[in-house]
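Visitor: Mind looking over this structure? Questions follow.
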Number of protein chains: 2
Amino acid sequence: MSTSLGARTSLARRLAEDVRSRIMSGEYAPGERLPSEAELVRHYEVSRVTVRTALRTLEAQGLVDVRHGSGSFVSDFGAGIRAGLQELRSISDTIREMGHEPRMERHARQRRPATPGEAAKLGIAAGEDVLAVERMILADERAVAYSYDVVPLAGFPDELVEQLGAGSLFGTLDAAGLMPARALAEVHAISDETIGWGPQKPVPGLYVLLDQVHFSRRGSAVAHSRTYFVEGRFQFVVLRTN
Amino acid sequence: MSTSLGARTSLARRLAEDVRSRIMSGEYAPGERLPSEAELVRHYEVSRVTVRTALRTLEAQGLVDVRHGSGSFVSDFGAGIRAGLQELRSISDTIREMGHEPRMERHARQRRPATPGEAAKLGIAAGEDVLAVERMILADERAVAYSYDVVPLAGFPDELVEQLGAGSLFGTLDAAGLMPARALAEVHAISDETIGWGPQKPVPGLYVLLDQVHFSRRGSAVAHSRTYFVEGRFQFVVLRTN
DNA sequence: ATCTGTCAGTCGTCCTACAACTTCCGCGGA
DNA sequence: TCCGCGGAAGTTGTAGGACGACTGACAGAT
């Protein structure tokens, strides 16, 4: 972690990410004491300010517990956080981190004007073009969710539009410079027989619906997605802190 | 915010809490720029380190967006975060913050040995005494949730046991020095006609179940609670960040 | 055995200084 | 007039040093 040159993100952020990955990988076990701030300063060759900034971030995320006069400790919730709902990551990555093999199967793909409801959620004018994609999400070839994603196309690079709905939604958005940094998700319980499709369509149709609006770092809405998770096939965990 | 003496919590934490409440109250509107670090230093009469520590915390919680060279901005999600699932607070407080009047109605209260499942979740020996409380949660006299709470009684002050199930669970736990600092919550969609009771029992019985284990700051489990929120009567929002 | 004071280790806060980045505004040229 | 460039001012990021406050452990006294 040298003095850096063309780093596009802050030193403290990278340090936090590094420590975070070490915690996730088990290098630092839950409950274990992290190296002291002074040791981290020597190891990473950064100032104590930077170390403390990173630790603060991890503490606010619930990953570590900083105790005055005692040290910093890895929170006991590592395993739970790994699939934590408050962490914004693609469903594929989450499935992979849980030890399963993810796969997407596209069911429909359509370019059309935004409905009034979608326009309101995305903060665009009604009738603006969007791309709507319906997909089934599988883990180890088992259907775990059905997703309905909507991406506004205004200002979206033409050559990337065709990629939308092909591979990872997050990946394509990232390539377009519209990587989601935050998402506001509503949680609902839904019982509806018209949601899913295919041979694995669940009976009865009981789902946890995640109705999300994704925002870029600058605050503009980049996608609206409704994902219906088949109840019982996907574990939702939220770490709540104060 | 003077130099303080008997403060049981850190200066930076209190500062973050103060700024947070100002954001919530609308004193700083979503998207608006916060005072610069230098101005906050002057206003609160603390060092810049303390100000930055507080801002880091708020940033990690998703409430503010700190931009290098530009300033700190209130995130656009203030309204959504207010009822955010990732914020650990009592249901009563959440209902109040949403502008409704909360009320609890006790349905059952029983001291009994822990079931094996409860013992496992709470990390106690099977058969240890717990207090189980069933309650209905109302907002403006409308049933919004049914809760099943379990508190292990080992090491719990006798004089406070009778308070359990009377008023706020969080309040009693706080009085016992066991204030929950974190909770790990599982989210499920549940369709079950045997859950609720009373004249407002919903038909059909569709609920969002929050299956939570509450932990004290030191990591010991202080309560297990299953809360069945009537679908549609309570808005669940999660702010997801990366 | 219990209590107490000491001490080393660690985090909390403060100060000062400078680098890096953003924004804005004015100047000059087309 | 319009556009583009540069620089100044303001703001956040990082560094280094200093000291206070808290914790945990240990030795000594009771």
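The values are calculated or read from the model by the stated rules, or taken from the named source; none is laboratory data. If you're wondering where the values come from, they're calculated on a predicted model, not measured in any experiment. So basically every Cβ, Gly included, is an ideal-geometry build from the backbone, and we count neighbours across all protein chains shown.
Visitor: So how many residues does the stretch B:7-61 have that are under 19 Å from residue B:71 (Cβ atoms), within 12 Å of chain A (Cβ to nearest Cβ) and basic (Lys, Arg)?
Guide: The number of residues fulfilling the criteria is 4.
Visitor: Looking at the stretch B:98-117, is at least one residue modelled with pLDDT under 85 and more than 16 Å from DNA strand C (Cβ to nearest atom)?
Guide: Yes, the stretch B:98-117 contains a residue that is modelled with pLDDT under 85 and more than 16 Å from DNA strand C (Cβ to nearest atom).
Visitor: So residue B:88 clears everything in (1) within 13 Å of DNA strand D (Cβ to nearest atom); (2) at the interface with chain A (Cβ under 9 Å from one of its Cβ atoms) except one condition, right? Which one?
Guide: (1)
Visitor: For the stretch B:33-48, enumerate the residues that are surrounded by 12 or more Cβ atoms within 10 Å (Cβ to Cβ) and either among the β-branched types (Val, Ile, Thr) or outside any helix (DSSP H, G or I) (or both).
Guide: Listed by number, the residues that qualify are B:33, B:34, B:35, B:36, B:41, B:46, B:47.
Visitor: Something else about it: I'd like the full set of residues that are more than 7 Å from chain A (Cβ to nearest Cβ) and acidic (Asp, Glu), limited to the stretch B:180-195.
Guide: If the condition is that a residue be more than 7 Å from chain A (Cβ to nearest Cβ) and acidic (Asp, Glu), then B:192, B:193 are the ones that fit.
Visitor: Taking the residues in the stretch A:49-72 that are assigned to a helix (DSSP H, G or I) and of a type in the set (A, V, I, L, M) as candidates, determine which candidate is farthest from residue A:241 (Cα to Cα).
Guide: Ranking the candidates gives A:49 first.
Visitor: Looking at A:208, A:237, A:213, which one is at the interface with chain B (Cβ under 9 Å from one of its Cβ atoms), under 14 Å from the mean Cα position of the chain (by Cα) and under 25 Å from residue B:62 (Cα atoms)?
Guide: Criteria check complete, one pass: A:237.
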